[in-house]
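Only the coordinates and a few stated rules stand behind these numbers; no lab work does. The model shown is predicted, which means the values in this text are computed figures rather than measured ones. No Cβ is skipped: glycine too gets one built from the backbone with ideal geometry, and neighbour counts run over all protein chains shown.
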Amino acid sequence: MRLDKYLKVSRLIKRRTVANEACDAGKVLVNDKPARASYEVKVDDVITLTLGARQLRAQVVSVQETVAKNDAPLLYRVLEG
C-alpha cells in the first residue's frame, strides 16, 4: 500500500492530500530516510512524522486497505510521541 494511503487509513493523518503534501515537504521518514508518497509500506517499517512541533514514531504492525475507525490504531504501534 502507498505511504500516503496508509497514513490516511491508519488515521495518523486525516486526509490523503495532506499526507501527500507532508511527504513532499520531507516531514515523513520511513526507517529514518525521507519517503515519497508512493513508497510501498511494509510490516515492521518505522514511520516518523513531524507535524509542527510534534513528532511521532510508529511501527507498522499491519497493512490493510480498509479498516473501521475504532480499529485504525491496531495498524501501528507508537514508539515515541
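Remarks
- Residue satisfying all of: in the range 1-29; surrounded by fewer than 19 Cβ atoms within 10 Å (Cβ to Cβ) and in contact with a strand residue (DSSP E or B) (Cβ under 8 Å, 6 or more places away or on another chain); nearest to V63 (Cα to Cα) among these: M1
- Taking the conditions (1) in contact (Cβ under 8 Å) with a residue 40 or more places away in the chain; (2) hydrophobic (A, V, I, L, M, F, W, C); (3) not in a loop (DSSP other than H, G, I, E, B) in turn, L74 satisfies each one other than (1).
- Scope the range 37-67; condition surrounded by fewer than 13 Cβ atoms within 10 Å (Cβ to Cβ), in contact with a helix residue (DSSP H, G or I) (Cβ under 9 Å, 6 or more places away or on another chain) and in a loop (DSSP other than H, G, I, E, B); matching residues: S38, S62, E65, T66
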